[in-house]
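Readers should treat all values here as calculations from the given coordinates under stated rules, not as data from a laboratory. In this text, all values refer to a predicted model and were calculated from it rather than measured experimentally. No Cβ is skipped: glycine too gets one built from the backbone with ideal geometry, and neighbour counts run over all protein chains shown.
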Amino acid sequence: MSERRASQGSAAAPLRVIIVDDAEETRKSIQMMMSLVPDSEVVAQGENGREAIALTRQYHPDIALIDVNMPVMDGLTAIQTLRQEYPTLICIVISAEKDPLTLQRAVNVGAHGYLLKPVTAEQLLSVMERASKVAWANRAPARLPEPQAPPPPPDLEALAMQYAQTRRTDDQAIRVFETLAQQPDCKQRWLMTLAMLYIVRKKWSKLKALAARLEQANQATWIPARPATPQTAALLSNLEAVAAQYARVRRVDDQAIQVFETLALQPNCKPRWLMTLAMLYVVRKRWSQLKALAARLEKTVPN
């Protein structure tokens, strides 16, 4: 809960959200992504429609995210009951199938939105933005008492670890790592992962700024690898073939850096070699070289 909103009284408390889905993995994923939704908190979770009704009566949420197909009681039946008891409750349907019949039934029982599985952060943020506007308008001056011992906030680092392990490079992954990067005590591993994402997504201006931040935070002096001399290059039958081999086996030693820096000296150096060199600089924590290379990429390689 935001300390700023909490200090303003109950009327300014975060929007209260419950998640009801029979799949534990879906509940955990949505709870983690909810950490990206401002001024909101997940207060409870359930596994079926009957629990959705019980949790609403206990926690008095502003918004309920409810799956359609669940045991004991399906989500649409639960929403119909909840809307009769709590007319201002915002109900969002979660479903694996976006068929017209389900959509029409959801509208008929009073659902305000629709989330299609697998739920993405972009989809959740879009639906929650609209739902939040209605929920804030529905807020009465006086709120019911807060429940005791609310669940802890989602672990954003756990989500980052999951994305790093699966090598996700989409907008949702970037948003998670950028959120972590905003923290003053952000771990260097997350900043390095974010730098890799910027390289893959060709976000050169952001990479340049991040490299400058890393350079300032790490004052150790790095000895740059010297580019291979023409004599050394002459011994290589094909420098690009060597570079391709090093990239394939993911070599990150000084010799690999020398090869890619030699290629980078060529005015017509291919972008793939410059991007590989940028990744090597991240791995070897050579932030000043990375900052300079990011500036070059910003001018020569389009986003």
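Observations, loosely collected:
- 3J(HN,Hα) couplings calculated from phi for segment 93-103 with the Karplus curve 6.51 cos²θ - 1.76 cosθ + 1.60 (θ = phi - 60°) are, in sequence order, 7, 10, 8, 8, 10, 9, 9, x, 5, 5, 4 Hz; Gly and Pro show x.
- Sorted peptide list for 46-59, 158-171, criterion being average Cβ within 10 angstrom, highest first: 46-59, 158-171
- Positive-end residue, segment 156-300 charge dipole about Cα centroid, Cβ charges, pick of Val249, Leu180, Met275: Met275
- Using the alpha-carbon positions of segment 3-138, Rg (one decimal) and Dmax (whole number) come out as 13.9, 45 Å.
- Distant-in-sequence amide H partners of Gly46 (H built 1.01 Å from N, under 5 Å): Ile19, Val20, Asp21
- Around the amide H of Ile94, modelled in the peptide plane, lie the amide H atoms of Ile66, Asp67, Val68, Leu115, all under 5 Å away and 5 or more residues distant in sequence or on another chain.
- Note that segment 156-300, at 20 °C in a medium of 1.002 mPa s, gets a Stokes-Einstein diffusion coefficient of 134 µm²/s from its Kirkwood radius over C-alpha pairs.
- Mean Cβ count within 10 Å, highest first, over the residues of peptides 29-38, 92-101: 29-38, 92-101
- Set Lys203/Lys270; Lys98/Lys187; Lys133/Lys208; Lys98/Lys133; Lys28/Lys98 screened for pairs whose C-alpha atoms are more than 28 Å apart: Lys98/Lys187; Lys133/Lys208
- Extension gain, Ala241-Met192: 0.36 nm per intervening residue step, less the Cα-Cα distance, totals 14.9 nm.
- The protection proxy used here, the mean number of other Cβ atoms lying within 10 Å of each residue, ranks peptides 17-27, 123-133 as follows, highest first: 17-27, 123-133.
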